[in-house]
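Below is one structure; the comments refer to it alone.
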Amino acid sequence: MSTIALFMGLLLLSYLGSLLTWLGSGSGKRGAGLASGSEFLVLGILAGPLVFRAVTRESLEVFDPFSYVGVGWLALSSGLEYGYVGERRVPLLRILSGVLLTVGCGVLVGFAAFRAAPFVADLSRDDRLALAIGLGVVCAETTRHATQWVTERQRAAGPLTELLNDLAHSDELVPIAAVALLFALRTPARAMVHLPPLGWAGATLGVGFVLGVLTALLLARDLRVAESWGTILGTSLMTIGLAARLDLAGVTAMFALGATIAWVSRHRGDIRAMVVQTERAVLLPALVLAGARIDPATIGRLWMVIALAVGLRILGKLISGWLVRLAPAARSTTSLLGLAMLSSGGMTVAIGLAIDLRFPGRVGDTVLAAAVAATLVSEIVGTASLHRALDRAGEIPPPSERKVATREEPTEPQTHDAEVPS
């Protein structure tokens, strides 16, 4: 397959993503498809070198800059929503709880992977450490999209729904920060100063924070859509460019950019509404590229470490569920609540793709394959378990009531190129 043909196919997928968003906009839903978008991962695997060898590795490498920017844009969208559910701020205690639960799951997976890797592959200590951190990163978080997906379609509401939503909107900070540390393990080639890995990780977050404050200041007055797009795109490209120039984690810098805007700008809701409309258009081509990059020949026997990581992710989430059930809001639901926290999605795969771009070869390909495997497993188990947990708690209304609520729900007004009231 030629590079031009692949490029046209990715543009078509981008258009399809915009169409799916538009189809769901009338009812307030995120559009058609599965909660994780994993159907497009399968498309990437089938279209890639695994089956038809329709896309060569060299052809995919041409799109590495596009993948880098796309992953950064998804991180920006995630950062804009971090710590918020709609316009409501997540309580600090729940943010800390989500962070601690995610750290525990990630450490469990990473430690086991570090110990198990020498039995199946000959890796240097640095590669083993990078592999362990990468697997811990992609197996740690719970995507917020799953609770949104179930809530929108099943009209779920109640204390357990709110608790799971808050935790899912709090835990992305852990993998994002860990990616910055992982990238910093290799001293940036263009570095003119010497910093320890923690220093470079802090610098990555600092780039996003400084440019996020600058963006908020530039948008401090009345918000107009056309002018705002120019500001957001400009500062986003500057953030990605600085991170790429310094060999830092662009995904972390962009997340920090979005989170800073969310917590500083008074126009956060309007900015988020603008950016979220582009999320699917970027996500679908990124998922296909991620699926097409997976090459079993490169991974080799490390597939056993992937299986171990996915299995320990399930165990880690079960333990998290048992701890969450100590909260009054979760005591009335099933003891397998942790399976409802198993869902992962586009951001997990995007982080795996970012790691694969930074660590090409066995380490990056194994981490990306683990992210894809975790997402596919979570789609089979996580969404159904979440529905079961909320139904057990009595927070999902009967089908007849859901139909009435959907029919009477007013459609959201469309955003026009006009001044947004202060």
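The values are calculated or read from the model by the stated rules, or taken from the named source; none is laboratory data. Computed from a prediction, not measured in an experiment: that's the story for all the values here. Quick reminder, even Gly has a Cβ in these numbers, built from the backbone with ideal geometry, and neighbours come from all protein chains shown.
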Residue match in segment 247-262 (condition: more than 17 Å from Leu80 (Cβ to Cβ) and surrounded by fewer than 22 Cβ atoms within 10 Å (Cβ to Cβ)): yes
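If you take the residues of segment 69-120 that are outside any helix (DSSP H, G or I), under 30 Å from Ile240 (Cα atoms) and aliphatic (A, V, I, L, M), which of them is nearest to the chain's Cα centre (by Cα)?
So in segment 69-120, the residues outside any helix (DSSP H, G or I) come out as 82-91, 120.
After this cut, where a residue has to be under 30 Å from Ile240 (Cα atoms) as well, the list is 82-90.
With the extra rule that they be aliphatic (A, V, I, L, M), the set shrinks to 85, 90.
Values: Val85: 16, Val90: 18 Å.
The qualifying residue nearest to the chain's Cα centre (by Cα) is Val85.
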Qualifying residues in segment 272-308 (those that are of a type in the set (Gly, Ala, Ser) and modelled with pLDDT under 80) - the one farthest from the chain's Cα centre (by Cα): Ala292
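Among the listed residues Ser78, Ser124, identify the single one that is of a type in the set (Ser, Thr, Tyr), under 25 Å from Gly364 (Cα atoms) and surrounded by fewer than 19 Cβ atoms within 10 Å (Cβ to Cβ). If you could, list the steps in order and put the result at the bottom.
On the way: Ser78 fails: surrounded by fewer than 19 Cβ atoms within 10 Å (Cβ to Cβ).
When all the criteria are applied, what remains is Ser124.
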Residue check, Ala256 out of contact with any strand residue (DSSP E or B) (no Cβ under 9 Å at 6 or more places or on another chain), aliphatic (A, V, I, L, M) and more than 30 Å from Pro328 (Cβ to Cβ): yes
Residues that are in contact (Cβ under 8 Å) with a residue 24 or more places away in the chain, assigned to a helix (DSSP H, G or I) and more than 22 Å from Pro65 (Cβ to Cβ), drawn from segment 207-241: Phe209, Gly212, Val213, Thr215, Ala216, Val225, Ala226, Ser228
Sole exception among (1) within 23 Å of the chain's Cα centre (by Cα); (2) under 30 Å from Glu395 (Cβ atoms) for Ala249, by number: (2)
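Condition check: of a type in the set (Asp, Glu) and surrounded by fewer than 17 Cβ atoms within 10 Å (Cβ to Cβ). Does Glu162 satisfy that?
Values: of a type in the set (Asp, Glu): yes; surrounded by fewer than 17 Cβ atoms within 10 Å (Cβ to Cβ): no.
Judged against the criteria, Glu162 is not a match.
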